[in-house]
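Chemist: Starting off with a structure, shown below.
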Amino acid sequence: MSDFEITFDGRPIPVAAGQTVGAALIAAGIRSWRRTRVADRPRGLFCGIGVCFDCLVTVNDRPGLRACLVEARPGDVIRSGRA
Amino acid sequence: MRDEPAAADVAADIAVIGAGPAGLAAAVTAAAAGRDVALVDAAPRPGGQFYRHRAVSSEEEDRRGGRGWETFVRLREGLAAVRYLRGHRVWHIEPGFVVHALAGDGAERGEGGNGDEAAEGGERGGRAVEIRARALILAPGAHDRVLPFPGWDLPGVLTAGAAQALAKGNGVAPGARTVVAGTGPFLLPVAAALATAGSTVAGIFEANRPFGFGAALARHPARLAEAAGYAAALARARIPYLMGRAVVAAHGDDAVTAVTVARLDAGWRPVAGTERLVECDTVAVGHGFAPQLELPLQLGCATRVTAEGDLVVEVDAAQRTSVPGVYAAGEITGIGGAQLALVEGELAALSVLAAGGASAGEMSSAAMSAAAMSAAARAVSGKAVSGKGVAWLLARRRRLRAFAAALGAAYAVRPGWPAWLRDDTVVCRCEEVPYERLVAAVALGATDPRTVKLLSRAGMGWCQGRVCGHATAALTARATGRALAASDLRGLVQRPIAQPIRLGDLAHAPETREKEPP
């Protein structure tokens, strides 16, 4: 059930209205979208409710947003990153 | 409901922080008495974690009901009389009281289906908003507590609450094959939600052996029926439930591919030779909940440590904190679940109403007047949440707190868990601090968690120790050879800013910043 699309590193991702960016990425089989500063380890969703900041992502050139809180909007451009 | 345009300044009689069960009950009850109530909440929709629902599915939820959904529908209707500030993330509260929040741009955009509006508490950027109120009811709730284990930082390992938020709030299964682990009755609805969302649940591994809990459950027919319902759902989905077992390591390269499950002794030390590998792509793990204490601690509210070792806000019989004019309800007064939160929220509102025109200072010294609260209850009867009298509410609170205490004792974190850590196990996820660096900090002479934090950087990252705080406190106490104390827990939950915020957003604050000197 997909209502619109966003892109992740250029790849189209289907979204059901009301889903967060994090949920849409997980539903598309993407488990991580960030690598850590120190050990270069992959990170994705952990707490799911805005507490842990593991799921930081860049949305429409705005870095450091929590993917678990941002509700996806049509055409959002999501980029993975390092933080 | 009356949606406030995110005005620069809002003035109200009562500000309620948090729109979960406790905050909703408090706001709706106080508004039923004709008081001007501002309900401030970060989420785009009311309900908190318990009544979490999808933007597009509340009509469906309204039909299906269950888990007290009827109560939520009644509360949601009661919001018509409340100034409901959705998408407002509170980051600081000044005495007096001035609530500082960041309002998401969606808070006034009017998007989304079903009359709901997307409002993300400023996650995409927001504006600073001040809400002034004469009384405060704090109901910020709790978040999952997760103890570290080797590999818990791998993608695919997430909190039980996150798994539930994905399944319930987004209709997404976090993976194809999930292991559910940790401790507490919350693991059961999480496993059930995962199965409903389409994930195979390889097993629920409950670290405790809560046999004694059956007696407490038998005295609470509603909870017993709920437990029986989950047991039936788990049986239907063929989900094994194993007690006295824990995930002691997660394996994988760039994501989890398997976990090691071991039997634990009563003190949670893994029993050698009992390890077995369970393949999975997802681990949902939770070891109880941590109350969100930033706001009460900012305000100077006294705290206490429960029998289970949780740091909570101290309240009196009238839900008053030690700070005049500040009331608390729900999980921050002790983890007790949604039913208790509803009762505490309603009582907190009646308590504020009973205080009437009395100034905060007068109220602090006077004993709470049961007669005044009863009068307030009569004034709102039929419009309030339960529609019941104060005596009924107090009796129900006593009963639910006794149940919560039994639950807490049966599902407490036991002290032996550090035995499953390795030297290189990440304890602080934000700053990537391994266990050995905490031990090294103690070897350097640190004897309290704050010093350990300064030396090791554990708890100094983005989450400000929310995730690793309990573990850092427990590991510090252990390394210094003493029991975990209240001071250990307090030292790591004090945060001058309750929510990380961007300086750029504050730069757009309203122009009315001048204040009288204190």
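The values are calculated or read from the model by the stated rules, or taken from the named source; none is laboratory data. Owing to the predicted nature of the structure, the values given are computational and were not obtained by experimental measurement. All Cβ positions, glycine included, derive from the backbone under ideal geometry; neighbour counts span all protein chains shown. Ligands, DNA and RNA are excluded from the accessible area calculation, which covers all protein heavy atoms including side chains. Shrake-Rupley method; radii C 1.70, N 1.55, O 1.52, S 1.80 Å.
Chemist: Using a 1.4 angstrom probe on the protein heavy atoms only, line up A:S32, B:S351 by accessible area, largest first.
Modeler: A:S32, B:S351
Chemist: OK, next. In terms of modelled amide H atoms, which long-range or inter-chain residues lie less than 5 Å from the amide H of B:G286?
Modeler: B:A160, B:A181, B:G182, B:T183
Chemist: Then there is this: Putting +1 on Lys and Arg Cβ atoms and -1 on Asp and Glu Cβ atoms, find which of B:G20, B:A135, B:P434 reaches farthest to the positive end of the dipole of the protein assembly as shown.
Modeler: Value computed over the given set: B:P434.
Chemist: What percentage of the solvent-accessible surface of the protein assembly as shown, computed with a 1.4 Å probe over protein heavy atoms, is contributed by carbon and sulfur atoms?
Modeler: Accessible surface attributable to carbon and sulfur in the protein assembly as shown totals 54 percent.
Chemist: Need one value: the accessible area of B:E275 in square angstrom, 1.4 angstrom probe, rounded to the nearest 10.
Modeler: Looks like 100 Å² after rounding.
Chemist: Let me ask something additional. Please compute, for the alpha-carbon atoms of chain A, the extent along each of the three principal axes and give them in descending order in Å.
Modeler: 38, 25, 22
Chemist: Next question, about the same structure. I'd like the Karplus ³J(HN,Hα) series for region B:325-330: coefficients 6.51, -1.76, 1.60, θ = phi - 60°, whole numbers in Hz, and an x wherever there's a Gly or Pro.
Modeler: x, 10, 10, 9, 8, x
Chemist: At a probe of 1.4 Å, how much accessible area disappears from chains B and A on forming the pair, both sides counted, to the nearest 100 Å²?
Modeler: The contact between A and B buries close to 3800 Å².
Chemist: Further question: Taking only protein heavy atoms into account and a 1.4 Å probe, give the accessible area per residue of chain A in Å².
Modeler: Per-residue accessible area for chain A comes out at 37 Å².
Chemist: While we're on this one: Check the cysteines of chain A one by one and keep only those with no other cysteine Cβ under 4.7 Å from their own.
Modeler: Flagged as lacking a Cys partner: A:C55, A:C68.
Chemist: A further question on this structure: Compute the signed sum of charges (Lys and Arg +1, Asp and Glu -1) over the other residues within less than 12 Å, Cβ to Cβ, of B:D423.
Modeler: That works out to 0.
Chemist: Calculate, for region B:133-201, the solvent-accessible area per residue in square angstrom, rolling a 1.4 angstrom probe over the heavy atoms of the protein chains.
Modeler: 20
Chemist: Now for a separate question. Kindly tabulate the residues in region A:44-66 with an accessible-area decrease of at least 30 Å² between the chain alone and the assembly of all protein chains, using a probe of 1.4 Å.
Modeler: At a threshold of 30 Å² (probe 1.4 Å), the residues of region A:44-66 that become less exposed are A:L45, A:F46, A:C47, A:I49, A:V51, A:C52, A:F53, A:R62, A:L65, A:R66.
Chemist: Another one. Once the other residues with Cβ under 15 Å from the Cβ of B:F403 are scored (Lys, Arg +1; Asp, Glu -1), what is the net sum?
Modeler: Neighbour charge sum, excluding B:F403 itself: +3.
Chemist: Across peptide B:149-158, how many C-beta atoms of other chains are within 10 Å of each residue C-beta, on average?
Modeler: The shielding value for this peptide is 5.
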